[in-house]
1. Based on the mean of other beta carbon atoms within 10 Å per residue, what is the order of 3-13, 51-61, most packed first?
2. Note the full-extension length gain between residue 66 and residue 39 as 0.36 nm times their separation in residues minus their Cα-Cα distance, in nm to one decimal.
3. Mind jotting down the three principal axis lengths of the chain based on Cα atoms? Whole angstrom, largest first.
């Protein structure tokens, strides 16, 4: 355990931040899964809009890097384009 007051505080902050980021990363997986599990192209497009917005908001929060979000969005767009 930490020996200084400042390091004790940093430890507490790290635990909170890890927990928050774990929630965000799990939600990222779920919005991606919603797009890939969609039955129709219209349903997939609606889920894609939500996923796109959420992924880019995670960039602004610092959970994902910009290129990571762009890569995920690009792969989802390619997936939707393949749906007949």
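1. Values: 3-13: 10.0, 51-61: 15.7.
Answer by packing, highest mean first, reads 51-61, 3-13.
2. Working: separation 27, 0.36 × 27 = 9.72 nm, distance 2.90 nm.
So the chain would gain 6.8 nm between residue 66 and residue 39.
3. 61, 22, 15
Throughout, read-outs are computed from the coordinates displayed, never taken from laboratory work. As the structure is a computational prediction, the values presented were derived from the model and not from experiment. Note: ideal-geometry Cβ built from the backbone for every residue, glycine included; neighbour counts use all protein chains shown.
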